[in-house]
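K.L.:
Quick one: structure below, then a few questions.
FYI, it's all coordinate maths here, none of it is from the lab. None of the values given here were measured: they were computed from a predicted structure. Cβ placement follows ideal geometry from the backbone for every residue including glycine, while neighbour counts extend to all protein chains displayed.
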Amino acid sequence: MKIKPLGERVLVEPVKAEEVAKGGIIIPDSAQEKPQEGKVVAVGTGKIDENGKKVPFNVKKDDIVLMPKYGGTEVKVDGKEYQIMREDDILAVIG
């Protein structure tokens, strides 16, 4: 199954945090924080401004982005977790 975001939405695959702390302590899944970094997998069709012109995206496929901790909609496809969010909700492009 493939997902194609619509409008100004972006499909992001969260980057998993490391499971071992610097001191060698293994951190269980229940204690890990929600990832704030993710990789853009797909972008939607684009936002239309009030004049009817398409506004270009600021992010593109394969960009690493900084996401809000509690934003977007979580979806699971073929065993992988993704988040669908508006481009405006993305905080920054990393790198």
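K.L.:
In nm, to one decimal, how far is the modelled label at residue 42 from the one at residue 58, with both set 7 Å along Cα→Cβ?
P.N.:
Calculated label separation equals 2.4 nm.
K.L.:
When we measure straight from the Cα of residue 61, which lysines land under 26 angstrom away, once same-chain ones fewer than 8 places off are left out?
P.N.:
Reachable lysines: 2, 4, 16, 34, 39, 47, 53, 69, 76, 80.
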